[in-house]
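Since the structure comes first, as structure tokens, the remarks are kept for the end.
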């Protein structure tokens, strides 16, 4: 007997699936994944449905419903499952958010303007340069 999955097509099934909203499909997918994680954790511990039912003080039929992927869990049940199975089903810890900061930096320095006014702002007369050249020409 082959264990390979085969494609199944049905007009009725296609019609029913077309009526499901994307939100309903997303929730169903998450419930199925949750059920699969519980089943994987049970297998890792070597437990069957009856073992989990005893640990949780529930009827085995409840465990069957949980593993069907259609159950809408209460948060307390999920937290208890996490404790009993030693797994995380819900991440309640907030991750630190990464932030990128852009900034512009201006650096300035105060100066005594009286000291620099004469050097940079006042026009120099041609005579002062000429006198400097005249007085210092022969000293080089």
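Residue check: is residue 52 surrounded by 12 or more Cβ atoms within 10 Å (Cβ to Cβ) and either in a helix (DSSP H, G or I) or modelled with pLDDT of 95 or more (or both)? Yes, satisfied.
Taking the stretch 38-50 as the range and being touching a helix residue (DSSP H, G or I) at 6+ places or on another chain (Cβ under 7 Å) and at positive phi as the test, no residue passes.
For the stretch 28-41, the condition of being surrounded by 12 or more Cβ atoms within 10 Å (Cβ to Cβ), at pLDDT below 90 and within 32 Å of the chain's Cα centre (by Cα) holds for at least one residue. Per the listing 35, 53, the residue uniquely free of Cβ contacts under 8 Å to residues at least 12 places away in the same chain and in contact with a helix residue (DSSP H, G or I) (Cβ under 7 Å, 6 or more places away or on another chain) is 53. As an exercise: evaluate residue 46 against (1) more than 30 Å from residue 14 (Cβ to Cβ); (2) surrounded by 11 or more Cβ atoms within 10 Å (Cβ to Cβ); (3) modelled with pLDDT of 95 or more and give the number of the one condition it does not meet. Here residue 46 meets the rest and fails (2).
The values are calculated or read from the model by the stated rules, or taken from the named source; none is laboratory data. Since this is a predicted model, take the numbers as computed values, not measurements. Quick reminder, even Gly has a Cβ in these numbers, built from the backbone with ideal geometry, and neighbours come from all protein chains shown.
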